[in-house]
1. Of the numbered conditions (1) within 14 Å of another protein chain (Cβ to nearest Cβ); (2) surrounded by 23 or more Cβ atoms within 10 Å (Cβ to Cβ); (3) assigned to a strand (DSSP E or B), residue A:100 fails exactly one; give the number of that condition.
2. Output the number of residues of the range B:90-101 satisfying the condition of being at the interface with another protein chain (Cβ under 8 Å from one of its Cβ atoms) and touching a strand residue (DSSP E or B) at 6+ places or on another chain (Cβ under 6 Å).
3. Can you list residue pairs whose Cβ atoms sit under 7 Å apart, with the first residue in the range B:64-87 being touching a residue at least 40 places away in the same chain (Cβ under 8 Å) and facing chain A (nearest Cβ under 7 Å) and the second being in a loop (DSSP other than H, G, I, E, B) and within 15 Å of ligand 1 (Cβ to nearest atom)? Count only pairs 6 or more apart in sequence or on different chains.
4. Quick one: count up the residues across the range B:39-74 that are part of a loop (DSSP other than H, G, I, E, B), near ligand 2 (Cβ under 8 Å from one of its atoms) and buried (at least 24 other Cβ atoms within 10 Å of the Cβ).
5. Do you know which of the residues in the range B:78-96 that are crowded, with 24+ Cβ neighbours inside 10 Å and in a loop (DSSP other than H, G, I, E, B) is nearest to ligand 2 (Cβ to nearest atom)?
6. Looking at (1) more than 14 Å from chain B (Cβ to nearest Cβ); (2) outside any loop (DSSP other than H, G, I, E, B), find the lone condition where residue A:217 falls short.
7. Please report, ordered by residue number, the helices (runs of 4 or more DSSP H) entirely within the range B:226-302 with at least 3 residues that are more than 16 Å from ligand 2 (Cβ to nearest atom) and in contact with a helix residue (DSSP H, G or I) (Cβ under 6 Å, 6 or more places away or on another chain).
Ligand SMILES: Cc1ncc(C[n+]2csc(CCOP(=O)(O)OP(=O)(O)O)c2C)c(N)n1
Ligand code: SF4
């Protein structure tokens, strides 16, 4: 059914349609509306039987999900930013134990300085945690991906993170098509745990493993992610057959036909990118977009196949590996190993800095003209940066950076005045 | 084969199974008994934690008629009982992390609730480090929500698994690997202390009790009482650690008894935040009698020794005696 609905509420309803049995969460912007929506559904009885556990921290939220999942309940939580980092120890644990928990990450920057706006630093910080990480481009996709995530995770007995851009998606009201309960029930069978805490058949889960088997366990996790590479497109196809929508999958190309310059990106920025590409195409430039739907497992072969014919690749990053550059760029370069083509990293939109179509067009024109450097920080205010760096060079102790920046912007009075 | 078990660790004022009439003997006296924690694990000789855990989990299993699930924190108990690919646990058991056993227990309880399995019960367990320090937040959350979990803390007064470092349950004056017996104030500092049973009581949960491995009948009775109730319950068991305390492995039970008889470790029960029962001291002993058996307190004795620290420990024991009415 088509509804005009906020992204968070759409996700809450999609999760509800998956019939979760235990939901636990700790509030953090911009995730709050999702769990509030679910909390209400549990409280008014429409999700019965389902337990909503109000926990005291994100670390507890993931831990409760671990216990519930191991005891055979379909378990769900959601978080963002500092919350994801606060639960990190348990995030790794959930995948090590092979528990198919589904978690929404409403992507947000990580402090300091504290910043509630969107970028991908939070989920990227958990890049190697062993979870499957799917990225939504639109709210429709965010809702659909949750249904696919439960199916995928439970089949492979591994946890799945669905990442959606904070505010840009979570707080945007737009049209979303939500399936009926009967349709979802036909798509998603009840959770059948691979290993379950059951007095009828006692097992020990989470034993101490020494050097003799630890590597094997980690390798098996990798092998299961490789299986996910096959299952993700199959499940997306099954989803499309049932619900009539192409949602999810490993990668999705836009105007790649004959494209010589391709921009690779994840999440909601793909929409603006497509508009920018349309404009450049109208000007006769052979540009295209490659959206990555599955960041982990990383679809090396699919990325390579999509980019083989290009001459130039620009990876647009909403996260940043300090001291190196882009996070996704490294993976894309691996996919292209052996191919000779120009590679660029563009870091953009950190901490919610708007990524405008005009900036993207300018950047793309530079790329096509061969004028783009290896790493670009889109719309960076160089005056602020240079002033602070000059201060750093002049005095080793220059005070809190954020305070200096505010002073430069005229938002705070100079100290001592 | 119903062979009576031999007289195991006893000392003053104990009655071994052998001396009791058959019907009063604990289940542990029967060779036919089930062991929640099977032999063959890697605990040190004389480990109080292994002893305590076996009695607690056995009693809980009996009370739950075999339908019990355990969540375990990282620590000695977890490490010595589950060296992959072996396990000593005869019940469904999960170890996740050092600081989250209470929350994992909450998750299991929530899953059982949705599945309508009221018959299956949950315990969560950990050492004093996993309970009083890193797991404190999760534990307090579990108490506050009154989740249907029995949490058991095996208090050996230190981080034994990582090599005997101080925890917030380490007694003042004790030497550990992070509170060395050097300088003018050797050993763990005399701070305010952190008394988890009292903090648990402040949450007004249905049941809080302390116990030691010196009185296993009492320990079993408390587990039974706890299992007869629902909601959040907390059991704090003193489990001497021969390795960490620097004590003889045959002195485990004796040390536990002296901790109680000196007033250093008060043994009591509370329901909904109010004290309901106290195990009286039968023959009061000076604190020094308990401390002297442990190398972690060796620096308090001898020449020049630390008589002022001994006096402070004794004063603490006296305070306990007054506060809990431990003497008639
Ligand atoms: C987050 C985290 N920090 C530290 C450790 C290391 N660690 C494992 S067990 C342990 C001490 C356990 O002490 P306690 O809970 O008192 O149990 P005991 O071993 O004494 O029975 C520590 C510090 C860990 N596993 N996880
Ligand atoms: S170190 Fe202490 S608690 Fe750990 S196994 Fe040995 S005796 Fe038991």
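1. Single failed check for residue A:100: (3).
2. Going through the range B:90-101 one residue at a time, the tally reaches 5.
3. B:79/B:161; B:83/B:42
4. Residues in the range B:39-74 being part of a loop (DSSP other than H, G, I, E, B), near ligand 2 (Cβ under 8 Å from one of its atoms) and buried (at least 24 other Cβ atoms within 10 Å of the Cβ): 1 in total.
5. B:96
6. Going through the list (1) more than 14 Å from chain B (Cβ to nearest Cβ); (2) outside any loop (DSSP other than H, G, I, E, B), residue A:217 breaks only (1).
7. Answer list for the range B:226-302: B:287-291.
Table: residues versus (1) free of Cβ contacts under 8 Å to residues at least 24 places away in the same chain; (2) in contact with a helix residue (DSSP H, G or I) (Cβ under 6 Å, 6 or more places away or on another chain); (3) crowded, with 24+ Cβ neighbours inside 10 Å; (4) assigned to a loop (DSSP other than H, G, I, E, B).
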{"position": "A:5", "(1), (2), (3), (4)": "no, no, no, no"}
{"position": "A:15", "(1), (2), (3), (4)": "no, yes, yes, no"}
{"position": "A:48", "(1), (2), (3), (4)": "yes, no, no, yes"}
{"position": "A:73", "(1), (2), (3), (4)": "no, yes, yes, yes"}
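No value in this document is a laboratory result; all are computed from the given coordinates. This one's a predicted model, so the numbers in the text were calculated from it and none came from an experiment. In this analysis, Cβ positions are derived from the backbone assuming ideal geometry, glycine residues included, and neighbour counts consider all displayed protein chains.
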